[in-house]
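First the structure, in the form of structure tokens, and then the observations on it.
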Amino acid sequence: PVMRRRDEWFKELAGVVDEIHKIPKDFDFGKLGCNEQFVSATIEATRLATSTPHHEKRRLLRNVLVKIGTSCNLDEDLQFVYLRLIDDLTPTHIKILDFFWRGNSKIVKMNNGVMPPSNKHQECVYALLPELQGKAHFLDQMIQDLRSHGLCTAQGITSGMVTNVLTNHGCGFLGFILDTENQ
């Protein structure tokens, strides 16, 4: 498994370089190897990618490297905080956080342009996040984890359907790790 993870990650890294190489002509690709932030982030992302079995986490690490290598103007300390969060959180944590960010618009779209009544909110959550079915016993702990990292203020999974529960830190984190087309 270690060799497989390493090999998969190296393929992802090649994809990062290819994607960065497609940047418009004014981008100096030759300076990428001298970009200390990019090199440091690549080393850290490689450590994280080879230590996780989650493809979703490797995809997020790839997204981060593309952003750092191209147009990232985010403070280096904050970049490493976000890399550490990718390591600390599970893919389900990230899905819950994304639900807090974009769930309402998806729910409205699912329900012909209207927000369903509050007695239907739980059903909507499970429709968008079916992997949470049967996990109610630790869902509160996952939300507590997100709160303790300063990413949200939610008290429960449906609280984001009533008010905005995502913090600026949570928005910044998601904006940094998600594909640009998925934002």
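Go through the range 159-170 and report how many residues are surrounded by fewer than 17 Cβ atoms within 10 Å (Cβ to Cβ) and either under 14 Å from Ser105 (Cα atoms) or in contact with a Leu (Cβ under 8 Å, 6 or more places away or on another chain) (or both).
The number of residues fulfilling the criteria is 4.
Check every one of the helices (runs of 4 or more DSSP H) wholly within the range 72-183 and list those with 2 or more residues that are more than 26 Å from Phe38 (Cα to Cα) and among the acidic types (Asp, Glu).
136-148
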Screening Phe29, Phe80 for residues that are modelled with pLDDT of 90 or more, surrounded by fewer than 17 Cβ atoms within 10 Å (Cβ to Cβ) and of a type in the set (Phe, Trp, Tyr) leaves only Phe80
* Can you find even one residue in the range 143-153 that is open to solvent by 30 Å² or more (accessible area, probe 1.4 Å) and farther than 30 Å from Leu65 by Cα? -> no
Evaluate the following for Phe176: is it in contact with a Cys (Cβ under 9 Å, 6 or more places away or on another chain), on the phi < 0 side of the Ramachandran plot, open to solvent by less than 20 Å² (accessible area, probe 1.4 Å) and in contact (Cβ under 8 Å) with a residue 12 or more places away in the chain?
yes
Residue pairs qualifying under the 9 Å Cβ cut-off, at least six apart or on distinct chains, with the first in the range 1-23 being open to solvent by 100 Å² or more (accessible area, probe 1.4 Å) and the second being outside any helix (DSSP H, G or I) and among the small types (Gly, Ala, Ser), are none
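The values are calculated or read from the model by the stated rules, or taken from the named source; none is laboratory data. Keep in mind the model is a prediction, meaning the values are calculated, not measured. Every residue, glycine as well, gets a Cβ built from its backbone with ideal geometry; the counts of neighbours run over all protein chains shown. To get the accessible areas, we keep the full protein, side chains included, count just its heavy atoms, and leave off ligands, DNA and RNA. Shrake-Rupley method; radii C 1.70, N 1.55, O 1.52, S 1.80 Å.
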